[in-house]
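The structure under discussion appears below in the form of structure tokens.
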């Protein structure tokens with residue numbers, strides 16, 4: 001396992017050890033477990049997001065929550081130390097980047113701690129023990145950290161928790177695809193895959209759902225950005241068409257028909 005790469009955490013997960021300057025909103029992340037405080041956050045967020053409702057803003061907030069998901073999977077599978085990224089140890093900050101709202105997660109205590117999973121040696125039982133501990137770490141984070149956060153924000157915005165959880169499915173698969181192609185050790189690569197397989201098969205009760213919506217059937221479509229290559233269709237609509245005063249559907253949106261997607265494909269290729 002490797003040392004924690006803070007540049008990676010900031011770039012992909014927006015998890016930082018430092019406060020963000022000129023934030024337009026800041027609050028303890030744990031406060032969003034309370035629907036009233038979560039509603040205050042959504043109201044401020046939507047002043048800049050310009051979604052058609054707080055319900056849409058709540059679902060769109062999952063674009064930021066995915067940073068926590070990436071953070072826990074990265075620390076779980078690829079690092080020899082861990083950071084406390086629990087709700088109680090994070091200050092949520094909202095900034096504007098070129099006028100667009102972006103959330104960041106500031107660690108209050110950034111001390112690196114020993115990884116709970118025991119090191120793997122040549123003995124079979126050590127690998128089993130390590131895998132079991134990593135899986136327990138993921139289960140606990142999804143059930144004890146992500147779930148109450150999502151439920152608080154969903155209640156505040158009148159959103160469906162299933163729709164919100166489903167927003168994380170594509171980014172979860174993207175993380176697995178990205179990292180297994182990186183220059184990492186075989187042990188790290190195996191841990192990434194095991195972590196992915198574990199969470200998509202967790203009992204749905206961990207997420208507070210009747211069905212685990214992190215698992216979906218991947219559908220590949222032609223990439224207009226790299227003709228000849230394939231990209232993954234999103235597992236569910238992200239509601240981008242309902243923000244910033246109304247936009248087009250994403251090219252990768254499952255709501256597009258084949259004809260609509262082909263029209264979008266030709267338009268994107270022509271504009272490049």
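The values are calculated or read from the model by the stated rules, or taken from the named source; none is laboratory data. Worth saying up front: this structure is predicted, and the values here are computed from it rather than measured. Quick reminder, even Gly has a Cβ in these numbers, built from the backbone with ideal geometry, and neighbours come from all protein chains shown.
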Report summary line: Condition set touching a strand residue (DSSP E or B) at 6+ places or on another chain (Cβ under 8 Å) and free of Cβ contacts under 8 Å to residues at least 24 places away in the same chain, scope region 230-250, selection nearest to residue 167 (Cα to Cα): answer is 233
Query raised in the report: Considering region 30-66 alone, what residues qualify as being under 17 Å from residue 96 (Cα atoms), touching a strand residue (DSSP E or B) at 6+ places or on another chain (Cβ under 8 Å) and in a helix (DSSP H, G or I)?
Result: 41, 44, 45, 48, 49, 64
Query raised in the report: Just wondering, is there one or more residues in region 177-196 that are in a helix (DSSP H, G or I), modelled with pLDDT under 95, under 25 Å from residue 233 (Cα atoms) and touching a strand residue (DSSP E or B) at 6+ places or on another chain (Cβ under 7 Å)?
Result: no
Report summary line: Scanning region 92-106 for residues that are touching a helix residue (DSSP H, G or I) at 6+ places or on another chain (Cβ under 8 Å) and surrounded by fewer than 19 Cβ atoms within 10 Å (Cβ to Cβ), the one nearest to residue 185 (Cα to Cα) turns out to be 102
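Quick test for you: out of 130, 170, 223, pick the one residue that is surrounded by 16 or more Cβ atoms within 10 Å (Cβ to Cβ), touching a strand residue (DSSP E or B) at 6+ places or on another chain (Cβ under 7 Å) and assigned by TED's automatic domain parsing to the domain that holds residue 28.
170
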Query - Residue among 211, 255 that alone is at pLDDT 90 or above, over 18 Å from the mean Cα position of the chain (by Cα) and in the same structural domain as residue 163 (by TED's automatic domain parsing) - result: 211
Requested in this report: Answer with yes or no whether residue 239 is in the same structural domain as residue 59 (by TED's automatic domain parsing), crowded, with 16+ Cβ neighbours inside 10 Å and either more than 19 Å from residue 170 (Cα to Cα) or within 23 Å of the chain's Cα centre (by Cα) (or both).
Outcome: no
Requested in this report: From 70, 9, grab the single residue that is assigned to a helix (DSSP H, G or I), modelled with pLDDT of 95 or more, more than 18 Å from residue 113 (Cα to Cα) and in contact with a helix residue (DSSP H, G or I) (Cβ under 9 Å, 6 or more places away or on another chain).
Outcome: 70
